[in-house]
């Protein structure tokens, strides 16, 4: 039980054998010296060395001395152990002496050598007298030794009890300022100021590499007697600025007020914001440190905001930073006091898509990166290298880095820039996936979107496959898309198209592709049934994104009717028929606009409502329709 | 990373190297090369006072601002590449009377151009106030294979500066031709920036030997 | 100014003074010192940084002047391409007013062929040693606790290099150093006050290099 307490008190470990007086947080305790010294004095008074029967004790006390001399891991541990050992030994000695005194089991005999000497030198009578005298003297000495031993045992027992008391207090049985202070010291670095009897601790992240110039000391005092409770005899005084609870809120909104993300962070592991009732010193300190963290993070962001030379510079208000991450999306990062924070607006649905734990982790990681940069931390191999030089810079000279490489070393992305980049990408990605999702649900073909697992926070890869269910052998198109930060690239067939910032363009592109795909499948299907494409307008190019219209005229050698198909923006396949003139050709000859099939001009087509045909998809209905035509013809 | 050819440009037909430089600059700019920043190469030679006047050449190049290149004369060793603080160390040795600067310093000052994948450095060589000649470095950046890079640079010189193939072949330094030969023998020999600096050193030492005009 | 340009100018005005305090501690109490340092020093990565270096000293005898030594050091565990660190360390100026020893210092990183290069320049092999231990950082200060060992036999490549090491003494060498630009009393005081905190365990002092 001595072991876990080892860290409570810090006394110079190697000095332990020579500690004559130590102060337990300011209160001088002489116990170490007085007890052990007292004990050795008592032992020496007992003249144990004279007696063979007590050799064991002497040896063990020698051992004990050796143990003291060696110095052990910690003061309390060893001292406690020594006390216990000594107590056991003295108790055993005391028991032996008691047994001897009762003269039942043991007989005392003087040192054999002395006796022999005496016996040899005197006559028998004198010898008898001497023996009796000897026995008398022995008895007297034993009585005195017995009392001495009891004294020693008492001293040990009392100190043992005293230590037990201290130990028990630390486990919460008794109120004790020092015990709680030592408890606190296991978690915070607290130093006693030399002259003032004050206990000061530091809440800053300076030892981790923070350069935040802000006074963040707290003081530990004894609690006022009336405030003292059963478990709490300690009071912490923290600077006023840190007593408030602050919350970092991040909002991403579009210009029209649509909330894309609204989340907050308190840096609490369990995101309880309003747990203000908990007044234990530990939670006060933890809270203060969270406040420090958020304040430092926010001030860092503010500083960086002025350095960013974006198209629109981020605006720093009193407690918020606003920056445009896309042309129509604004991100607001604000630091709110708990009192300003309206919890009621933070209902479940507005916390869209943000995992609070993840956010906190990311923020911590960002700030830590900054700290490491402050120190330019890099391993020193060999150890003589200078501190504070970035690792790459170190090898730059030897590896003859050129100008551009050197430039890239000294370039660092600031925290705010990273946040902006990330959120930009997130928004763009969410929008693109949303577009694809909408398209997939609204068109009656099968559209699969796979997002690659190799996607990172600023780049996303994926594939889009489109097929018609049931006709997947007929036609199968696939696209690769890549979203790098806010740039979208789509690869299809052998083209690579880049889109920048314009989600609508991507949407147009896919609508176009789907229309083209539907049109192509319909034509292919018709070809299988023996139809031939007489004329078509296929404009599947990106150049004409604004106008989507594919149309074709299908003829069959056995059937005197022509079928016109058309597909437009609405992605609905329109079918129309007209009787083919027998003396054909002239349709093609006399008017070029004939090719352009449409109800507006040229030849009149009769529209067919595909819903009259049965089938699960438009394509199936279309199949029914053209095969129906063939069937009619055959019957005729 | 880079393959570079360093040559001394003929200035015979012009009144002065400065005029020749003007001509070449004009040619490069008309050809579409973009001026980027100044360019500079320095050579300082330290003569040993302890060992029968052994010479150590220390070079620095503005393209590799963090590095110094050192070469001990009459040794078969490769070039020593070090931080640019190496100069300070040599100067320290100089004050300790281990070395002295007996030979004049040489420097190239000029302009750096970029043209697509090529980097062109053109500058005038000075040896303590006297102009010694004109130097041209053409580097092909995206290449590791010296041989192909060398061919491309050769073509570049031919088309850009109207140099004939034999002219180019005559102009290249011994260092580079040594390198090309070793490349022929065994396949994978990497080109390092120190080879560029060795080419400079060759030209500098040749120029030093020439009498001042 | 452009970043690369800044870098060049930074290096030209390179700090060239080293402030040093040295001491030694017995092997069996070194763990106490390490524990203490770990508590006092900056804890950036959360673990103690270790090193294992090999240093070779080359000396050039200059007729009519004192000889010059250059130290080449590299980390054995820095594979595959160790950084070779070349240092010139002058003997310490034992100025009474300074609380720490101050010595002139020049360093640079060089390529692997430095050893042959130095020999070409007339430098002769002097001695070599291994240093293995821990590094602690406290602000600008660097504290190394190292076990120094020599090579039992030189020029024998057939043996395992680790087996050839023979420790010099049964104590560890402790050095607190800081590289600064000019004479600055503050630096000395800063170092001295930190060394005070290690006092009962080890007393770091300025040591006369002429041994």
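First measure r as the distance between the Cβ atoms of residue C:112 and residue A:500, then evaluate 1/(1 + (r/R0)^6) with R0 = 51 Å and state the FRET efficiency to the nearest 0.05.
For residue C:112 and residue A:500, the calculated efficiency is 0.60.
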_Acute angle (nearest 10 degrees) that the helix B:86-95 long axis makes with the longest principal axis of chain B, alpha-carbon atoms_ = 30
*Equivalent ellipsoid dimensions for region B:41-103 as semi-axes, Å, which come from the Cα gyration tensor, largest first*: 19, 14, 9
*Fully extended, how many nm does the chain gain between residue A:85 and residue A:476 (0.36 nm per residue separation, minus their Cα-Cα distance)?*
132.2 nm
*Using the 10 angstrom Cβ neighbour count as an exposure proxy, how do B:151, A:323, A:516 rank, fewest first?*
B:151, A:516, A:323
*In nm², what is the average projected area of the convex hull enclosing the Cα atoms of region C:15-196?*
12.5
*By how many degrees, 0 to 90 and rounded to 10, does the Cα axis of helix B:193-209 deviate from the longest principal axis of chain B?*
80
*Model label zone, residue A:465; criterion: amide N under 14 Å from point 7 Å along Cα-to-beta-carbon; scope region A:479-509*: A:479-480
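Using only C-alpha atoms and all pairs of different ones, pull out the Kirkwood radius for region A:496-539 in Å with one decimal.
On the way: mean 1/r = 0.0811 Å⁻¹.
In region A:496-539 this quantity evaluates to 12.3 Å.
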*Which order results if B:132, A:249, B:30, A:222 are arranged by neighbouring Cβ count within 10 Å, fewest first?*
B:30, A:222, A:249, B:132
*Mind giving me the nanometre distance, one decimal, between the label points for residue A:611 and residue A:241, set 7 Å out from Cα along Cα→Cβ?*
6.9
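Could you give the Stokes-Einstein D for region B:75-181 in µm² per second, using the C-alpha Kirkwood radius, 20 °C, 1.002 mPa s?
Roughly 127 µm²/s, to the nearest whole number.
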*For the pair residue A:430 and residue A:362, what calculated FRET efficiency results from E = 1/(1 + (r/R0)^6), where r is the Cβ-Cβ distance and R0 = 22 Å, to the nearest 0.05?*
0.80
*Using the number of other C-beta atoms within 10 angstrom as an exposure proxy, rank B:92, B:27 with the fewest first.*
B:27, B:92
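Taking a cut-off of 24 Å, what percent of all Cα-Cα pairs in chain B are separated by more than that?
Percentage above 24 Å: 43.
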_Coordinate range along principal axes, alpha carbons of region A:377-419, Å, largest first_ = 37, 23, 10
*Would you please state which residues of region C:107-124 a label at residue B:102 would reach in this model, taking the label point 7 Å out along Cα→Cβ and a backbone N cut-off of under 16 Å?*
C:121-122
*Based on DSSP H runs of at least 4 residues, each adding -39500 (n - 2.57), what is the mean residue ellipticity at 222 nm of chain B after dividing by all its residues, to the nearest 500 deg cm²/dmol?*
-11000 deg cm²/dmol
*Label-point separation in nm, residue A:493 to residue A:129, each point 7 Å along Cα→Cβ*: 13.9
*To the nearest 10 degrees, how steeply does helix B:174-185 sit against the main Cα axis of chain B, on a 0 to 90 scale?*
70
*Stretch residue A:422-residue A:454 to full length: gain in nm at 0.36 nm per residue minus the Cα-Cα span?*
9.9 nm
*What is region A:418-508 by shape, rounded, prolate or oblate, if you read a ≥ b ≥ c off the alpha carbon gyration tensor as root eigenvalues and call it rounded for a/c under 1.5, prolate for a/b larger than b/c, and oblate otherwise?*
prolate
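Computed from the coordinates by the stated procedures, all read-outs in this text should not be read as laboratory data. The shown structure was predicted, so the numbers you read here are calculated from the model rather than taken from an experiment. When we count neighbours, we look across all protein chains shown, and the Cβ atoms used for this are built from the backbone with ideal geometry, even at glycine.
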